[in-house]
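Every number here is computed from the coordinates shown, using simple stated rules; none is lab data. Nothing here was measured: the structure is a model prediction, and the numbers come from that model. Note: ideal-geometry Cβ built from the backbone for every residue, glycine included; neighbour counts use all protein chains shown.
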Amino acid sequence: MEQSISAERGGFFRDILRGAAIGLAFIVPGFSGGTVAALLGVYEKIIGALTDLRHFKRSFFTLLPFAIGMAVGIAALIFPIRWALQVYPVPTVTLFIGLSLGGLPALRERAGKFRAVHLLSFLVPLVAAAGLAFLPHAERAEGFLYDLDILQYLTLFFAFALAACALVVPGISGSMILLIFGYYAPIIDLASNLLFHGTQPLVSIFVLLIAGMGMAFGFIGISYLMKFFLKKFPHGTYFAILGFILGSVAAVYASVPASLATPWEWVVSLLLLLVGAASSLILCRLAKKK
């Protein structure tokens, strides 16, 4: 009996550590939480618990240690990433893009043979993602999350729903989706200000609650939708994902003051692009072997 209890406790704490690794991957744009979950051998365990609503209590206790670990992993990187985005925005964002591009070969392999019927599913997301770079970005003003209207709260909800959905599909980065839609840096700032300075606690907690509800909706609701498309139209879905990621490069750079970067920062950015791509590529290959 004591050995059984000890094993359960050991498994619980191991899942917390695995959840922390997934959380670290989730908060770094370009890294896929789903890929890390697959690498750690817990991907099917998490997806099974998320979609098994008939046994809610069992699913809850299965997911609890992962949720605790993710919270710890995310909190550990909030301050370093906030500092990097504020002081060196272009090199930091370029690293994120490299991490994202490094996962493209794995996604391309999943997509299978390209056929004419896939052209539209590739081009529409490509153009749509690139078009985000030309939209006005008034919401990127500092502190805008403290004064949202109803429509902006809904947008925040669905942005985090999409980000959480990305955890279901290995190879997609949820935080990169937030970066594309302009919510990544603001939510990092808000969480950091709340943790270290207690800035507007009620408003901050409410914003984080809406974001958390969006993530829960994405985990459960949109996950079923993604499973449907991946089951019925797997090749077209993966080509759509490829188009979205490639088109998002322009949108991501539109979110940072690239014109203020110095020449040496662009040199460092190029190196970080290569490092990020190589790191992501290696991670994906390890996950595939696992």
Query raised in the report: So what J values fall out for the range 78-91 if you push phi through Karplus, 6.51 cos²θ - 1.76 cosθ + 1.60 with θ = phi - 60°, rounded to Hz, Gly and Pro as x?
Result: 4, 5, x, 5, 4, 4, 5, 5, 7, 8, 10, x, 5, x
Report summary line: Most exposed to least, judged by fewest other Cβ atoms within 10 Å, 115, 54 sort to 54, 115
**Report entry** FRET efficiency estimate (nearest 0.05) - Cβ-Cβ, residue 195 to residue 225, R0 35 angstrom
**Finding:** 0.60
Query raised in the report: What is the spin-label model distance, in nm, from residue 119 to residue 147 if the labels are put 7 Å beyond Cα along the C-beta direction?
Result: 4.9
Requested in this report: Would you work out if the range 77-281 is rounded, prolate or oblate? Take a ≥ b ≥ c from the square roots of the eigenvalues of the alpha-carbon gyration tensor; rounded if a/c is under 1.5, else prolate when a/b is larger than b/c, oblate otherwise.
Outcome: oblate
Report task. Quote to one decimal, in nm, the extra length available between residue 75 and residue 253 on full extension: 0.36 nm per residue of separation minus the C-alpha distance between them. Result -> 61.6 nm
Requested in this report: May I ask you to order 234-240, 12-18 by the average number of other C-beta atoms within 10 Å around their residues, highest value first?
Outcome: 234-240, 12-18
Query raised in the report: Under 28 Å from the Cα of residue 232, which lysines turn up, not counting those fewer than eight places away in the same chain?
Result: 45, 113, 288, 289, 290
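What FRET efficiency do you get for residue 54 and residue 208 if R0 is 35 Å and r is their Cβ-Cβ distance, rounded to the nearest 0.05? Mind dumping the intermediate values first?
Working: r = 30 Å, r/R0 = 0.85.
After rounding, the FRET efficiency stands at 0.75.
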